[in-house]
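Student: Got a structure here, written out as structure tokens. Questions coming.
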Amino acid sequence: LQPSFYLYLEKTKGWLSEHRAFISDDHQKELAMNMPFERGNKNSKKAILLVHGLGDSPYSFSDLATTFSEQGFYVQVLLLPGHGSKPEDMYLTTYQDWQNIVDHYANLLKKDYQEVWLSGFSTGANLTAIHTLNNEGIHGLVFISPGFESLNPTLEKLSSIVSVFWDGISKKENNLARYSSISMHGMAQYSDSAVAFRQTITNKKITVPTLIAISEADSIINSQATTEFFADKFVNPNNHLIWYGDQQSLLIKQRTQAYSMKLDALHISTASHMSPLFSPNNSYYGKEAEKLICTNSLDEEQTQSCKQGKNVWFSAWGYQEEGKAYARLTWNPYFDNLEHEINKLVQIN
């Protein structure tokens, strides 16, 4: 926790340069993708703090940071402790460390800007929501695939116990922008953030304008539970929920918009947990980009077919159809629409 964001950037760069376990020869590229960063006009009257999810990095907001800066925000993007270096460093951190850094830099922005917004992806949405519930001075929220409730509540409850005996760090790291391994200790900290959110919001409501974007087929979070939180606990009349999936499966109808993800022409069968974040033009995750995540299931034959480029389709983790090899969908075919809805919400406020 530094007294300024500038000093935070400086200190973090030094720490990552020394402690990151580099997985490519291009160390500068890896550092840039994992570094916290700022974007936009510092002299603006409004600012936004962006917070990534479990195992991820500030690169999660590489596209949306530009979106927000184009809407007139000065943008700051955090790197949560334990991230960006190596999966084993998750052992060094707790949920409270994550909450502390979000609280600290959100409060610093409030001192310098008339209007402060927060945005979070997955675990980052939990942290920013908790800050909003416990503190004054936040003017709006944008959540992408918020981790309010896990799709696997048993794992959520047991992760802290399991992590004592096995941490799950076994995969070879092969992604410049996030950990490939899943740390059970990290999962336990995510679980703590989800429990903290649900406990905090029990007797409260979020009154500031909020946009939530979620995928029906999300393999990580309970998307239907998210819609229930949206309906019951987010009460601003200008709120908006974007549902990447079937309109018929969306249980609430007011203030919502559904986009079908059955897009055969694009070889897309479902959205994924991460896909709402990224533009088709993203250089690493986009439509024609360099990163193809073929480890989309536990089926080794499917994985090999994907790596060989045989009839590759795109979906959430675990989705399968006969005769198709699935990779993770890593970009949003409706990214322009998401930007449009963000613009509408910001202008209303």
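Student: Can you name every residue in the range 123-144 that is more than 18 Å from Leu79 (Cα to Cα), among the small types (Gly, Ala, Ser) and not in a strand (DSSP E or B)?
Tutor: The answer is Gly137, and nothing else.
Student: Taking interchain pairs and intrachain pairs at least six residues apart, which have beta carbon atoms under 6 angstrom, with the first residue in the range 29-41 and within 21 Å of Glu115 (Cβ to Cβ) and the second hydroxyl-bearing (Ser, Thr, Tyr) and crowded, with 17+ Cβ neighbours inside 10 Å?
Tutor: Short answer, once both residue conditions are applied: Arg39/Ser69; Gly40/Ser69; Gly40/Tyr74; Asn41/Tyr74.
Student: Considering only the range 18-38, I want to know if a residue exists there that is modelled with pLDDT of 95 or more, under 30 Å from Gly140 (Cβ atoms) and of a type in the set (Asp, Glu).
Tutor: Taking every residue of the range 18-38 in turn, at least one turns out to be modelled with pLDDT of 95 or more, under 30 Å from Gly140 (Cβ atoms) and of a type in the set (Asp, Glu).
Student: Residues Leu50, Leu16, Leu9: which one is open to solvent by less than 40 Å² (accessible area, probe 1.4 Å) and assigned to a strand (DSSP E or B)?
Tutor: Among Leu50, Leu16, Leu9, only Leu50 is open to solvent by less than 40 Å² (accessible area, probe 1.4 Å) and assigned to a strand (DSSP E or B).
Student: How about the range 129-140: which of its residues are in contact with a Pro (Cβ under 9 Å, 6 or more places away or on another chain) and within 22 Å of Asp97 (Cβ to Cβ)?
Tutor: Scanning the range 129-140 gives a single hit, Ala129.
Student: Further, regarding this structure: Right, Asp56: surrounded by fewer than 17 Cβ atoms within 10 Å (Cβ to Cβ) and modelled with pLDDT of 95 or more or not?
Tutor: So Asp56 fails the test.
Student: List every residue pair whose Cβ atoms sit under 9 Å apart, with the two residues 6 or more apart in sequence or on different chains, where the first one lies in the range 55-80 and is farther than 12 Å from Arg39 by Cα and the second, anywhere, is of a type in the set (D, E, K, R).
Tutor: Here the result reads Gly55/Arg178; Asp56/Arg178; Ser57/Arg178; Tyr59/Arg178; Ser60/Arg178; Leu80/Asp56; Leu80/Asp97, each pair linking the range 55-80 to a residue that is of a type in the set (D, E, K, R).
Residue-by-condition table, conditions (1) more than 18 Å from the chain's Cα centre (by Cα); (2) farther than 22 Å from Phe278 by Cβ; (3) buried (at least 24 other Cβ atoms within 10 Å of the Cβ):
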position: Gly72; (1), (2), (3): yes, yes, no
position: Val77; (1), (2), (3): no, no, yes
position: Gly84; (1), (2), (3): no, no, yes
position: Gln99; (1), (2), (3): no, yes, no
position: Leu108; (1), (2), (3): yes, yes, no
position: Gly120; (1), (2), (3): no, no, yes
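Student: Which is modelled with pLDDT of 95 or more and surrounded by fewer than 24 Cβ atoms within 10 Å (Cβ to Cβ), of Glu173, Glu115, Glu156?
Tutor: On the way: Glu173 fails: modelled with pLDDT of 95 or more; Glu156 fails: modelled with pLDDT of 95 or more.
That would be Glu115, the only listed residue that is modelled with pLDDT of 95 or more and surrounded by fewer than 24 Cβ atoms within 10 Å (Cβ to Cβ).
Student: Something else: Please work out if Asn343 is under 21 Å from Pro146 (Cα atoms), more than 19 Å from the chain's Cα centre (by Cα) and part of a helix (DSSP H, G or I).
Tutor: Against the criterion (under 21 Å from Pro146 (Cα atoms), more than 19 Å from the chain's Cα centre (by Cα) and part of a helix (DSSP H, G or I)), Asn343 qualifies.
Student: Across the range 215-225, what is the number of residues that are of a type outside the set (D, E, K, R) and either in a helix (DSSP H, G or I) or crowded, with 22+ Cβ neighbours inside 10 Å (or both)?
Tutor: Residues flagged as of a type outside the set (D, E, K, R) and either in a helix (DSSP H, G or I) or crowded, with 22+ Cβ neighbours inside 10 Å (or both) within the range 215-225 amount to 6.
The values are calculated or read from the model by the stated rules, or taken from the named source; none is laboratory data. All values derive from a computational prediction rather than experimental measurement. Reconstructed Cβ throughout: ideal geometry from the backbone, glycine too, with neighbour counts over all protein chains shown. Heavy atoms of the whole protein, side chains included, go into the accessibility calculation; ligands, DNA and RNA do not. Shrake-Rupley method; radii C 1.70, N 1.55, O 1.52, S 1.80 Å.
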